[in-house]
There are 2 protein chains.
Amino acid sequence: MPSLRTVPSAHRPAPRPVAPLPAPPPVPPALEDLFSLQPIESSAAGTALFWEEDAADHAFQILEGCLRLYSILPDGRRAITGFAFSGEILGLSFRGAYPYTAEAITGVRFRRLGQGRLAAAGGSDVVRPQLLARIYDEICAAQRLVVILGQLNAEERVASFLLSAAVRTGADRANPVAIELPMSRLDVADHLGLTIETVCRVFSKLKRDGLLRTEGRHRVLLPCIQALRVLAGEESGTTPSQPNVSVRHAAVWPQRPVFVS
Amino acid sequence: MPSLRTVPSAHRPAPRPVAPLPAPPPVPPALEDLFSLQPIESSAAGTALFWEEDAADHAFQILEGCLRLYSILPDGRRAITGFAFSGEILGLSFRGAYPYTAEAITGVRFRRLGQGRLAAAGGSDVVRPQLLARIYDEICAAQRLVVILGQLNAEERVASFLLSAAVRTGADRANPVAIELPMSRLDVADHLGLTIETVCRVFSKLKRDGLLRTEGRHRVLLPCIQALRVLAGEESGTTPSQPNVSVRHAAVWPQRPVFVS
DNA sequence: CGGGCTCTTGATCGCTCTCAACAATGGTGG
DNA sequence: CCACCATTGTTGAGAGCGATCAAGAGCCCG
């Protein structure tokens, strides 16, 4: 979490008995400070923080736990558009309704901030850029997923998912990379536009290829994250850092002639 | 375009020789008024307004024409994350870089607004909600596409695409519905995560089923938009408004047990 | 009227889904 | 503590949808 947190109490400076010095410029409230004044709430696994189409009257800061964000089609199919982890902010909506349901996968602790207070904070020249940056991140995440779902095959999708989980939790800097996946295989499948069986098969194949090990159902080790990047199509694969790993289906497609002006 | 446009010159009231009346409250500038002061520019088909990863220093208001918004994978695959039509605003980015390339499909006329001026306008309590609403729309569009790519089959994807084109251009209120599709079949395919051949085959099948007629390559008639909605999975299909159309593969999937708390 | 491009259609292949059976896990009650 | 059971995960066989490869048709422009 690279954001520099200011002291929460900074907007309410303690009264000074003597004040010969010019008052220091008031520390402007950061986005997260707005939440820090709110009480902490909890939700059990399986409960929803909010529902798709509901009036979006609160934003949420997740302190602990993991949630799935999804839409349900009229016929019952479920599309998990994303997951939310601790430290993230959720439910920023500026047109009345939430665009998805947010349901706790594990138990969740969070803070809640009213839409009115959030809108008011948008007037601040300090908070607004943070707010817009968060929203922009959400756009980028959604468009990244569009690319994944539209262009990648099953193996590439799973590799992308594992990588983004590693990067998001910061686990990609450790060695070996170890990530927690609190969600079920069905959640992963509904997120990647695959079936649970296909997700399983890809996991097994990655295990056979030495790119993945599991410890229990929800813990995954990625011994060679670089090879995963090649599989995910993030890199061209010109530098085989792990020559003993046989990368079948190397992500080298026939170059389609794309019109570039 | 439901936004109430205010008079562009309102922020610069003509100097009055005599001013006995209290000055009327200044008409606050709407988002589109900011653009209306900018000169009109043009781009030929095939040229890019901006490139993915480029510094996002301008936003664009499209006055005429159509663009494709896309990302290119390292191996050359192209994911068209969306299209932009006249009347829309493009390139709102608040973290330095554009998230996609915007390339003109037809000739395009547009206005350009500097990021600085846009950021300043964000301070206005009138413009900011409009700005946030636009961005929120972009999130919704991206998530809608995530659902389409992750959960729908080829026929449903094409039906969704045709419907959203009809709705976006307002053509869905006419009868019969007639839409212009300036983009090529390859563009549609790269947008829907299909191949050009599959898009063609679905078009042909919809023609056989009486749901679609083409006039030239870029004009499409939708004689029974309600049946298309059923195909796209937007409706349950319980009200067959056009009984003579045989809807194979009606969007009724085996209901998967989804955990709802 | 040709040339090049886009679009369309057909035949075949292969990836992923579906259906099925079984294994592993975790929680509960005896 | 262990047996039991429900849930979740894994693996296999076969089918189907969409991709791939190939050829021909239609359209636009010089």
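Listed values, structure above:
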item: Pairwise FRET efficiency - residue A:73 versus residue B:200, Cβ, R0 = 22 Å, nearest 0.05; result: 0.30
item: Label-point separation in nm, residue B:119 to residue B:168, each point 7 Å along Cα→Cβ; result: 2.9 nm
item: Dimensionless Rg/Rh of segment B:154-231 - Kirkwood Rh, Rg from C-alpha atoms; result: 0.92
item: Residue B:218 versus residue B:153: modelled label distance in nm, points set 7 Å from Cα along the beta carbon direction; result: 3.3 nm
item: Teacher prompt: residue B:64 distances to equivalent labels in other copies, 7 Å Cα→Cβ, nm; result: 6.2
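Where a number appears in this text, it was derived from the coordinates with a stated rule and is not lab data. The shown structure was predicted, so the numbers you read here are calculated from the model rather than taken from an experiment. Neighbour counts are summed over all protein chains in view; Cβ atoms, including those assigned to glycine, are modelled from backbone coordinates with ideal geometry.
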